[in-house]
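Since the structure comes first, as structure tokens, the remarks are kept for the end.
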Amino acid sequence: VAELPAGAPGTRPSYLLEDREGRVWIGTFGDGLLLWDGHTLAKIALPNQDVSWLCQDHEGSLWAATSGGGVCCVRPQSITMLDEPGAPVMQTARALCTDARGDIWVVLQTNELFTRRSGHWQHWKNGKDWPGSLATCVCADAAGNVWIGADDNSLVRWDGTGFQKFPLPNKVGQTRIRALLAIPDGEVWIGRGTDVLHGREANWETLHSPARSGEVQALALDSKGRVWAGTSGGALFFMRNGTVSPMPLPGLKQGQGIRALLPLADGTLWVGTDGSGVVRVRGESSHFINTTHGLPHNVVSQLALDTQGRVWGAGDRGIFFTALDALNGVVEGRATAVRCTTLGRAEGMPGLQANSGYTPNIMLTSEGRLWSATRSGIALVNTKLAGGNLIPPTPSIETLTINGHMEAIPRTTSALATDASDKAAPATRMTLDPGVRSLGFEFGATSYIAPENVGIEYQLEGVDETWRSAGLERSASYGHVPPGDYTMRLRTTNNDGIGNGHEALLRFKIKPYYHETLWFHLLAITCAVGLISWVVQRTLKARYHRQSEDLRRQAAVHAERTRIARDMHDQIGASLTQICMLSDIALAHGTDSPQLPRLASTARQAITALDEIVWAVDPAQDRFNSLIEYIAPQITELTNAAGLSCHFEFPSPHSSERPLAAAVRHQLFLTIREAVHNAIKHAQASEIKLCIEATASELSIRITDDGQGYAPSSTSGHGLENMNSRITSLGGTCAITSQPGEGTTIAILLPWPAEAPN
């Protein structure tokens, strides 16, 4: 039995509620809210002292309706701000630590020093209560000593009974101490300006950081005995046995500094950066994790590891935590993103910006409370409460928007919580009219504990290949969605990443226009195939008709050429032969007319020319071997008459069985005869060689003599020009090579025509 405290006159109980833990909540008029846990009676502060109604929700939070103060949500806070009597309340801390006795030491931005001992705070007056003038940094060692950096280039030690001051080596330039680290062997490491000092009491050794690296503002000892340092200029290096070894971070942008270092027992070092998120350094490799992987922000000024395997970070946008295994999963490719829980907004503290530039500035006490130096004061986080929400939110699809217009969703659909494997949930289908140019969905997840940390993922089956995050907007939108059957799936997790294993489902079908139906497509394909077949048939028929006409025309031309050749040979040739014979008879009878020999010679020349014309016109001679058969006796007759020997090199009969048009045969014959005639007339040669070679793509002709040759610049006449003109008209080349005393070579190269013209 507990007696209610005496309140103002008229105070009376108004509402009683027993929660799930068996505690009794007492709402009163005049004295606010009281809590009886079975042993003590505590008063819970509310903005109004008149409570009219109490209720506990599914997540265990208590809701109190007041008369003038609104509806208040009451639950244990995982994060609060330091608010103890005598404490540096609402002041920015630079550095803080806890010593071996459990005392807490704090250095403020104003260079003041505070100590919390047995729940009581003491303010050390600069230069009066302790020998330093202004404090800049503080750390503790395992022996119970507390080391304080002072701005007069000295280090002060507190051994539990008093202070002792140790001057540091003189240094030109910046001497402010920004980082302190006490390691188990008793050495103290000091980040002063761009240097790192280490030693014991008055024996200090100085190590220099890499050039142009900025001031050292973070120090840490890893499991391998190496001391790591990070600078404001972005340099990361470790020191061992007096050697400084840099560790490059290729992904760190220029100008971004190293703000926090967190070494782990497995040798991994986690690095907080000024704009590039966190970096895992293991061995010689480094991997960055930033907002694209799920971090709430890329500026991480503080890092700590709790006893539950969670990494805590603090930066420009507050305090957050995530599982260490999740971070490693992203680096190792086991996951694409991490789930981070951000603290502050749900507790009424949305603007917690972590302080930076000095270390240590975050610590975890033995009772599991995290202390973080922020610009708004010292934040205290109960890590045992954080992550303790085991009630998952219920997912729901609240609205469906089609082409900008909202459609009603059956409640059995929007609030459906069914197992993901259930494919036969009743009454969950909607039918949408054709012409869906855009689809929009709005999602719900009932949770009142840190709702900004509730995770919502969705997948539109038939469109999305993987699950997608709905983000803080809790909505999804799609452009044109073709006709078909679709299912929108929705799953949620609470602020601590706990899901309920159920999904909300919305099945719907988009009806097609008639031109989008299967029968229409089949009909269109059939018509298209028929049209194409008709066009192809007409085209082939027209082509066959043209080819037939061409063949008939070619046959008529061949017949006409044959008739002309036959008539010329039978009529004109017979007449010329008769003239020649009559002339010979007249000469044999002693006719002394001087014109008869000339007439006989002219008749013989006309017969030769006519024979050449008949050969060129006759379609029966449109063969390559006909050219060879005709040209050989002609050249032999010319060279024998001139007393020259002639040597022929012709292709085999099989390779010469190719068609050759009359025009090509005639031009080649005239060109070869012109070349031989020039050699007989001008070269004074003793031998002429004619070589003809035929390949699949071209015809090569070489006429060579062993005569006196000539200088190309000394030629006259039109013979050579005519030869070149004839070959050029056939698409070939004619090259003439000659030097005085070395003979002459005429090389003709001619591509085979694709078709022999008529």
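The values are calculated or read from the model by the stated rules, or taken from the named source; none is laboratory data. Fair warning: this is a prediction, and the values are worked out from it, not measured in the lab. Because the Cβ atoms are built from the backbone with ideal geometry, glycine has one as well, and the counts that use them run over all protein chains shown. These accessible areas exclude ligands, DNA and RNA; they are computed on the full protein's heavy atoms, side chains included. Shrake-Rupley method; radii C 1.70, N 1.55, O 1.52, S 1.80 Å.
Quickly run through segment 632-664 and pick out the residues that are open to solvent by less than 20 Å² (accessible area, probe 1.4 Å) and in contact with a Phe, Trp or Tyr (Cβ under 6 Å, 6 or more places away or on another chain).
SER656, LEU660 - these are the residues of segment 632-664 that are open to solvent by less than 20 Å² (accessible area, probe 1.4 Å) and in contact with a Phe, Trp or Tyr (Cβ under 6 Å, 6 or more places away or on another chain).
Within the set of pairs 6+ apart or on separate chains, which have a first residue in segment 720-735 that is open to solvent by 70 Å² or more (accessible area, probe 1.4 Å), a second that is in a strand (DSSP E or B), and C-beta atoms under 6 Å apart?
Pairs that qualify, where the first residue is open to solvent by 70 Å² or more (accessible area, probe 1.4 Å) and the partner is in a strand (DSSP E or B), are THR733/LEU749.
Given the conditions (1) part of a loop (DSSP other than H, G, I, E, B); (2) modelled with pLDDT under 70, and given that SER713 satisfies all but one, which numbered condition is not satisfied?
(1)
Take segment 453-476 and flag every residue that is farther than 19 Å from GLY294 by Cβ and open to solvent by 90 Å² or more (accessible area, probe 1.4 Å).
GLU465
If GLY501 passes every condition in (1) small (Gly, Ala, Ser); (2) modelled with pLDDT of 90 or more; (3) open to solvent by 50 Å² or more (accessible area, probe 1.4 Å) but one, which one does it miss?
(2)
If we keep just the residues of segment 1-18 that are at pLDDT 90 or above and open to solvent by less than 50 Å² (accessible area, probe 1.4 Å), which is nearest to the chain's Cα centre (by Cα)?
Only one residue tops the list, namely LEU17.
In this structure, is SER61 open to solvent by less than 40 Å² (accessible area, probe 1.4 Å) and more than 30 Å from GLN217 (Cβ to Cβ)? Explain how you work it out, then say what you get.
Working: open to solvent by less than 40 Å² (accessible area, probe 1.4 Å): yes; more than 30 Å from GLN217 (Cβ to Cβ): yes.
Yes: the conditions hold for SER61.
Can we say THR428 is β-branched (Val, Ile, Thr), at pLDDT 90 or above and surrounded by 14 or more Cβ atoms within 10 Å (Cβ to Cβ)? Write out each step before concluding.
Values: β-branched (Val, Ile, Thr): yes; at pLDDT 90 or above: no; surrounded by 14 or more Cβ atoms within 10 Å (Cβ to Cβ): yes.
In short, no.
Which fully enclosed strands (runs of 3 or more DSSP E) of segment 315-418 have 1 or more residues being open to solvent by less than 10 Å² (accessible area, probe 1.4 Å) and at pLDDT 90 or above? Walk me through how you get there before you give the answer.
On the way: elements: 318-323, 341-343, 362-364, 369-374, 377-382, 395-402, 405-407.
Once the strands (runs of 3 or more DSSP E) in segment 315-418 are filtered for at least 1 residues that are open to solvent by less than 10 Å² (accessible area, probe 1.4 Å) and at pLDDT 90 or above, what remains is 318-323, 369-374, 377-382, 395-402.
Please find, among ALA143, ALA135, ALA179, the residue that is in contact with a Gly (Cβ under 6 Å, 6 or more places away or on another chain) and touching a residue at least 12 places away in the same chain (Cβ under 8 Å). Outline the logic, then answer.
Numbers: ALA143 fails: in contact with a Gly (Cβ under 6 Å, 6 or more places away or on another chain); ALA135 fails: in contact with a Gly (Cβ under 6 Å, 6 or more places away or on another chain).
None of the other options fit; the residue is ALA179.
Among the residues in segment 529-541, are any in a strand (DSSP E or B), of a type in the set (Phe, Trp, Tyr) and surrounded by 10 or more Cβ atoms within 10 Å (Cβ to Cβ)? Steps first, answer last, please.
Filtering segment 529-541 down to residues in a strand (DSSP E or B) leaves none.
No: zero hits.
Give segment 474-505 a look and list any residue that's more than 30 Å from LEU518 (Cβ to Cβ) and either polar (S, T, N, Q) or out of contact with any strand residue (DSSP E or B) (no Cβ under 9 Å at 6 or more places or on another chain) (or both), or say none.
Step one: of segment 474-505, the residues more than 30 Å from LEU518 (Cβ to Cβ) are 474-475, 490-504.
Within segment 474-505, SER475, THR492, THR493, ASN494, ASN495, ILE498, ASN500 qualify.
Identify, please: which residue in segment 19-55 is part of a loop (DSSP other than H, G, I, E, B), open to solvent by 70 Å² or more (accessible area, probe 1.4 Å) and of a type in the set (D, E, K, R) and is, among those, modelled with the highest pLDDT?
For segment 19-55, the residue satisfying everything is ARG23.
Looking at (1) surrounded by 22 or more Cβ atoms within 10 Å (Cβ to Cβ); (2) among the polar types (S, T, N, Q); (3) at pLDDT below 95, find the lone condition where THR243 falls short.
In the conditions (1) surrounded by 22 or more Cβ atoms within 10 Å (Cβ to Cβ); (2) among the polar types (S, T, N, Q); (3) at pLDDT below 95, THR243 misses (1) alone.
With the requirement that a residue be open to solvent by 30 Å² or more (accessible area, probe 1.4 Å), outside any strand (DSSP E or B) and of a type outside the set (S, T, N, Q), what does segment 253-262 give you?
Across segment 253-262, the qualifying residues are LYS253, GLY255.
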